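Participant: Below is the structure I would like to discuss, written out as structure tokens.
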Amino acid sequence: MKKILFVFAVFSLLIISCGETKKEDVKKEVESTKEEPKAAGEDLLAMGEKLFTDKTCVSCHQLDAKIVGPSIKDIVKVYDQDDASLVDFLKGTQEAIVETDPGQVAIMKANLDGFVKDLNATELEAIAAYMNSVK
Ligand code: HEC
């Protein structure tokens, strides 16, 4: 009987210690994901900047001056004031709030329907992060 008790005790110790290492692993995982956003933040900005050029946004949106579309600064100013989301606008789930003239909206809408809809969530986040960073 004592032997059985002993085996049982060893066995439960094993289980407890295994449980402990698992907890450690989870902790480590949480810590490593905590580190990520920082790196992702910089990568995201670089990605956004590249997309802004590659996807021709820059041909209609300059940093400081209105050309075809409003400047990035003007866009971000309105989005900040209204606490609106650039990503939502790019996803097409939010109406235009910077310029509401139908002719102008149609130009941008053509981009949204044409190629912006093919960008994934990370790419849209990246573009928004870039626009917010240069305001
Ligand atoms: C052919 C020119 C053109 C291109 C290319 C273009 N835009 Fe626009 N964009 C416009 C015009 C015109 C407006 C003003 C109408 C409006 O606000 O919807 C606008 C408005 C916007 C707005 C403000 C929307 C609002 O709430 O009023 C955002 C944000 C924006 N563009 C982002 C982008 C991004 C990101 C890209 C590249 C993926 C891009 N645009 C490419 C012409 C363009």
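Participant: Could you check how much of the accessible area of segment 40-133 is carbon and sulfur, as a whole percent, using a 1.4 Å probe?
Facilitator: On the way: 2920 of 5440 Å².
Carbon and sulfur: 54 percent of the exposed surface of segment 40-133.
Participant: Take the alpha-carbon positions of segment 85-132, form their convex hull, and give its projected area averaged over all directions (one quarter of the hull surface) in nm².
Facilitator: Working: hull surface 12.7 nm².
Dividing the Cα hull surface by four gives the mean projection, 3.2 nm².
Participant: Could you give the length gained by full extension between ASP118 and THR56, i.e. 0.36 nm per residue of separation minus their alpha carbon distance, to one decimal place? Provide the component values of the computation, followed by the final result.
Facilitator: On the way: separation 62, 0.36 × 62 = 22.32 nm, distance 1.43 nm.
Result for the pair: 20.9 nm of gain on full extension.
Participant: How much length is gained on full extension from ILE107 to VAL68, taking 0.36 nm per residue of separation minus their Cα-Cα distance? Let's see the in-between values first.
Facilitator: Details: separation 39, 0.36 × 39 = 14.04 nm, distance 0.90 nm.
Stretched fully, the ILE107-VAL68 segment lengthens by 13.1 nm.
Participant: Taking the Cβ of GLU95 as the center, what net charge do the other residues with Cβ under 14 Å away carry, scoring Lys and Arg +1 and Asp and Glu -1?
Facilitator: Details: positive: LYS91, LYS109; negative: ASP82, ASP88, GLU99, ASP101.
Net charge around GLU95: -2.
Participant: Output the Kirkwood hydrodynamic radius of segment 40-133, Cα pairs only, in Å rounded to one decimal. Spell out each step's value before the answer.
Facilitator: Details: mean 1/r = 0.0755 Å⁻¹.
Taking the inverse mean of 1/r over all distinct Cα pairs, segment 40-133 comes out at 13.2 Å.
The values are calculated or read from the model by the stated rules, or taken from the named source; none is laboratory data. Quick caveat: nothing in here was measured; it's all calculated off a predicted structure. No Cβ is skipped: glycine too gets one built from the backbone with ideal geometry, and neighbour counts run over all protein chains shown. Remember, those area values only see protein heavy atoms, side chains included, never the ligands or the DNA or RNA. Shrake-Rupley method; radii C 1.70, N 1.55, O 1.52, S 1.80 Å.
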